[in-house]
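S.K.: Below is a structure I'd like to ask you about.
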Amino acid sequence: MRGVFAVLGMMAGSGALSGLAHAEEIASVSTNFRMTGSDKVVIEAYDDPLVEGITCYVSRARTGGIKGSLGMAEDPPEASIACRQVGTIAFKGPLKAQEDVFSERMSILFKTLHVVRAVDRKRNTLVYLTYSDRIVSGSPQNAVTAVPVPAATPIPTR
């Protein structure tokens, strides 16, 4: 039974059980050489699943070595985010005032990286926040970015 919960936890942490965005690795650089696999900083792109024309770029540390290659290592909580308009903005439906756009596990079960979208209605702007959490204690380290939406395109909210 514990194995079932472990698999479900990994799938939920990787976004496999939800309609969240999926990462596309753009590039990476090695930061600490190891014979069994280097630690890296990776740049990943996430297309907002409910807003066409917006992509978020997240850079974060990924632990290498044997544990890292097996998915057993715990990645550091630091991440940076920059979201940009990369095409015509179109909404696939109304947006919640705040919701997860993406989440991915940073350790086998206990740590998750999140990207949250918040709607700033007053300024017609989408604000994206990245942070990590743990089951017991999360990290206050975070990063934020914003994408203004043209005035002719009001943000539909529910």
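The values are calculated or read from the model by the stated rules, or taken from the named source; none is laboratory data. Here the structure is a predicted model, which means the values were calculated and not measured. Here the Cβ positions follow ideal geometry from the backbone for every residue, glycine too, while neighbour counts run over all protein chains shown. The area values use the complete protein model at the heavy-atom level, side chains included, leaving out ligands, DNA and RNA. Shrake-Rupley method; radii C 1.70, N 1.55, O 1.52, S 1.80 Å.
S.K.: Could you tell me whether Ala118 is at pLDDT 90 or above and exposed (fewer than 12 other Cβ atoms within 10 Å of the Cβ)?
M.R.: The answer is no for Ala118.
S.K.: I'd like to verify a number: residues in the range 84-105 that are surrounded by 15 or more Cβ atoms within 10 Å (Cβ to Cβ) and over 17 Å from Tyr128 (Cα atoms), how many?
M.R.: The total comes to 1.
S.K.: Right, something else. Filter the range 40-68 down to the residues that are under 16 Å from Ile81 (Cβ atoms) and hydroxyl-bearing (Ser, Thr, Tyr), then identify the one that is modelled with the lowest pLDDT.
M.R.: Ser59
S.K.: Quick check on my filter: what residues within the range 142-158 are in contact (Cβ under 8 Å) with a residue 40 or more places away in the chain, open to solvent by 80 Å² or more (accessible area, probe 1.4 Å) and assigned to a loop (DSSP other than H, G, I, E, B)?
M.R.: Result: Arg158, single match.
S.K.: Out of curiosity, is Asp133 modelled with pLDDT under 85, among the charged types (D, E, K, R) and open to solvent by 30 Å² or more (accessible area, probe 1.4 Å)?
M.R.: yes
S.K.: On to the next question. What is the one condition in (1) at pLDDT below 80; (2) surrounded by 17 or more Cβ atoms within 10 Å (Cβ to Cβ); (3) out of contact with any Lys or Arg (no Cβ under 8 Å at 6 or more places or on another chain) that Met35 does not satisfy?
M.R.: (2)
S.K.: Another question, if that's okay. Give me the pairs, please: first residue somewhere in the range 45-68 and of a type in the set (D, E, K, R) and part of a strand (DSSP E or B), second residue anywhere and open to solvent by 20 Å² or more (accessible area, probe 1.4 Å) and modelled with pLDDT under 90, beta-carbon distance under 6 Å, and either six or more positions apart or on two chains.
M.R.: Once the first residue is of a type in the set (D, E, K, R) and part of a strand (DSSP E or B) and sits in the range 45-68, its partners that are open to solvent by 20 Å² or more (accessible area, probe 1.4 Å) and modelled with pLDDT under 90 give Arg60/Ala79; Arg62/Lys40.
S.K.: Which is of a type outside the set (D, E, K, R), modelled with pLDDT of 65 or more, open to solvent by less than 70 Å² (accessible area, probe 1.4 Å) and not in a loop (DSSP other than H, G, I, E, B), of Ile26, Ile81? Let's see the steps before the verdict.
M.R.: Details: Ile26 fails: open to solvent by less than 70 Å² (accessible area, probe 1.4 Å).
Checking each option against the conditions leaves just Ile81.
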